[in-house]
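Here the structure comes first, spelled out in structure tokens, and everything after it is commentary.
Bear in mind that the values in this text are calculations on the coordinates, not laboratory data. Being a predicted model, the structure only gives us computed values, none of them experimental. Cβ: placed from backbone, ideal geometry, glycine included. Neighbour counts: every protein chain shown.
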Ligand code: SAM
Ligand code: SF4
């Protein structure tokens, strides 16, 4: 990509015209997920290896740069912003960024939210609510303290539960995310449903995605959600409902609990046709698709000039490269991840 200021001039003028970002397949891009750090206080076995090498802190965008980038996307039509990671709440002074971004709520931005492992939630819940965060996703794959420690390698489930209670007390609604893992939590899923729905939370189940090298072989843990659903139907009455959040999840209502259950099935169901999102990393790299390695370097455009026109043109150029769909397959012979980066780089 030519990053010289001269190359941007025509595009800069265009970029000042506000219009929703439309990709080459006619999808409008209104949702930005931002991984604010690649670091995490857990090491979930399907997500990271135990000895992950994290980025040197100097490579990270500053909080001010992240604010400028997110604000540029909001000016260009992004209406929902989700902070993720790594673990977003372990980034130093993250509340400074969240407070700043909350100024866009009601002024272009409809929703500011985050996906968290919940470990630091108890101390931030009230301020998150005060910033206008109305709902968050909390990841929890098991309710058993020993198994929780095993899957996260050292996480403490009680701290997560405290975080959940604090968020609920602050008026934030919670969706739990659980990755369905063969020989780990498959028999526990009914309990997760009863727990979530009993506490007024939604639950979404996710299939493992082949992203980044980890210590174990993911194909051993891959559990198709079609199978999970069949087994759940022996116990619950599941009715498909048209509810959508603009994301890839498909929902059912569970008659016995009255709650909503989501399924995210990247490997067994192609969810790309309605994709409205792009993903930004903490170094300013924009991934137009979770399942592709192609990316755009927005940090260079950001730092090339204080004029947001350069940045706006670089964003447009990136959106023009958004691919039609992902290429996830689990290659059982090569046993290699389909995408080389870890989920913690782009945040899922
Ligand atoms: N640390 C936060 C958390 O765990 O919620 C946010 C980042 S985490 C990468 C976002 C979501 O991605 C979590 O729900 C996690 O379970 C999920 N995830 C991580 N690696 C995955 C993989 N290889 N396949 C499917 N989901 C994955
Ligand atoms: Fe950390 Fe979330 Fe990955 Fe677990 S899934 S290691 S909590 S980033």
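Angle, helix 189-198 long axis vs. longest principal axis of the chain, Cα atoms, 0 to 90°, nearest 10?
Helix 189-198 sits roughly 70 degrees off the main axis of the chain.
Return 35, 139, 340, 49 ranked ascending by Cβ neighbour count within 10 Å, so the fewest neighbours appear first.
Working: 35 26, 139 23, 340 11, 49 15.
With the sparsest Cβ surroundings first, the list reads 340, 49, 139, 35.
Name the shape class, rounded, prolate or oblate, that the alpha-carbon gyration tensor gives for region 164-236, where a ≥ b ≥ c are the square roots of its eigenvalues, rounded holds for a/c under 1.5, and otherwise prolate holds if a/b is larger than b/c and oblate otherwise. The partial results should precede the final answer.
Working: a/c = 2.87, a/b = 1.45, b/c = 1.99.
Verdict is oblate for region 164-236.
Could you tell me how far the Cα centroid of region 178-208 sits from the Cα centroid of region 59-137, in Å?
26 Å
Report the full-extension gain for the segment residue 191 to residue 126: residue separation times 0.36 nm, less the Cα-Cα distance, to one decimal in nm. Please list the in-between numbers first.
Numbers: separation 65, 0.36 × 65 = 23.40 nm, distance 2.84 nm.
Length gained, residue 191 through residue 126: 20.6 nm.
What is the ratio of the Cα radius of gyration of region 132-187 to 2.2 N^0.38 Å, with N the residue count, to two decimals?
Details: Rg = 12.4 Å, N = 56, 2.2 N^0.38 = 10.2 Å.
Here the Cα radius of gyration is 1.22 times the empirical estimate.
If one takes the longest principal axis of the Cα atoms in the chain, at what angle in degrees, from 0 to 90 and to the nearest 10, does the Cα axis of helix 5-15 lie?
70 degrees
So what's the Cα pair-distance distribution over region 16-88, bin width 10 Å, in %?
Histogramming region 16-88 at 10 Å steps yields 17, 38, 27, 17, 2 percent.
On a full-extension model of 0.36 nm per residue, what is the gain between residue 165 and residue 324, subtracting their alpha-carbon distance, rounded to one decimal in nm?
Working: separation 159, 0.36 × 159 = 57.24 nm, distance 4.01 nm.
Full extension from residue 165 to residue 324 adds 53.2 nm.
Estimate the FRET efficiency between residue 103 and residue 307 by the formula 1/(1 + (r/R0)^6), using the beta-carbon distance for r and 25 Å for R0, to the nearest 0.05.
Details: r = 21 Å, r/R0 = 0.84.
Calculated transfer efficiency: 0.75.
Mind pulling up the Rg/Rh value for the chain? Radius of gyration and Kirkwood radius, both on Cα.
Values: Rg = 19.9 Å, Rh = 20.8 Å.
Rg divided by Rh gives 0.96.
May I ask what percent, to the nearest 5, of DSSP beta bridges between residues of the chain are antiparallel? Spell out each step's value before the answer.
On the way: 17 of 48 bridges.
Of the beta bridges lying entirely in the chain, close to 35 percent run antiparallel.
From zero outward in steps of 5 Å, how is the percent of C-alpha pairs of region 58-137 spread across the bins?
3, 15, 29, 27, 18, 7, 1
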